[in-house]
Amino acid sequence: MSVLKVIQMGHPTLKKIAEPISEFNADLKKFAKDMFDTMVIEEGIGLAAPQVNRSVRMIVIDMPLIDEELYAEPMAFVNPEIIKSEGTFFFEEGCLSVPEIREEIERFEQITVKYQDLDGNEHTIEADELLAVVFQHEIDHLNGILFVDKLSPMKRSLLQQKLAEIEANALA
Ligand code: CO
């Protein structure tokens, strides 16, 4: 078991658009397992590859999903993409890369996600409530977006000092 280092806001990898994955090999499976172990140790319910400083389009999720056989551990979603969305609601979020900050963010209520599994097979999954939020939060990471980037300018300015401290630590 390998636990990877989770990078924090201020690290340039978190701002990049991550690359699509095209090779479905043993290295990818090992990386998914390492990401999954890291997420469990860090007590997250989702983790995106850029958070462990690998700018590729894979996320892992640790939540009960609809079909436990199809979504066996590690629940890794490669090249995930939201292909349908409906409704919006607010949900309080946090992020392993933005420690100690929790804020309400507006998200789609129901989504359909297209993705590939670790063997490259394509699937779609429907998600609502917390699972929908986790998918949207993690897919944002693949596009260089952190949840605090979605705050109103007003809320963001209230957090400015805390965010600046996190960024300073990330680069130290
Ligand atoms: Co996050």
May I ask you to list the residues in segment 96-139 that are in contact (Cβ under 8 Å) with a residue 40 or more places away in the chain, exposed (fewer than 15 other Cβ atoms within 10 Å of the Cβ) and closer than 25 Å to ASN169 by Cβ?
PRO99, GLU100
Given the residues VAL113, VAL133, which is the only one that is more than 15 Å from the ligand (Cβ to nearest atom), hydrophobic (A, V, I, L, M, F, W, C) and touching a strand residue (DSSP E or B) at 6+ places or on another chain (Cβ under 7 Å)?
VAL113
When the residues of segment 26-81 are narrowed to those that are part of a helix (DSSP H, G or I) and of a type in the set (S, T, N, Q), which ends up modelled with the highest pLDDT?
GLN51
Search segment 20-38 for residues that are farther than 13 Å from VAL78 by Cα and pair each with any residue that is open to solvent by less than 90 Å² (accessible area, probe 1.4 Å) and hydroxyl-bearing (Ser, Thr, Tyr) when their beta-carbon atoms are under 6 Å apart and the residues are at least 6 apart or on different chains.
ASP34/SER2
Report whether or not LYS29 is more than 15 Å from the ligand (Cβ to nearest atom), open to solvent by 70 Å² or more (accessible area, probe 1.4 Å) and in contact with a Leu (Cβ under 8 Å, 6 or more places away or on another chain).
yes
Looking at segment 1-26, which of the residues that are farther than 20 Å from ILE41 by Cα and in contact with an Asp or Glu (Cβ under 6 Å, 6 or more places away or on another chain) is least open to solvent (accessible area, probe 1.4 Å)?
GLY10
Looking at segment 79-95, can you tell me whether even one residue there is touching a strand residue (DSSP E or B) at 6+ places or on another chain (Cβ under 7 Å), open to solvent by 80 Å² or more (accessible area, probe 1.4 Å) and within 16 Å of the ligand (Cβ to nearest atom)?
yes
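The values are calculated or read from the model by the stated rules, or taken from the named source; none is laboratory data. If you're wondering where the values come from, they're calculated on a predicted model, not measured in any experiment. Glycine gets a Cβ as well: all are built from the backbone with ideal geometry, and neighbour counts include every protein chain shown. These area figures cover heavy atoms from the full protein model, side chains too; ligands, DNA and RNA do not enter into them. Shrake-Rupley method; radii C 1.70, N 1.55, O 1.52, S 1.80 Å.
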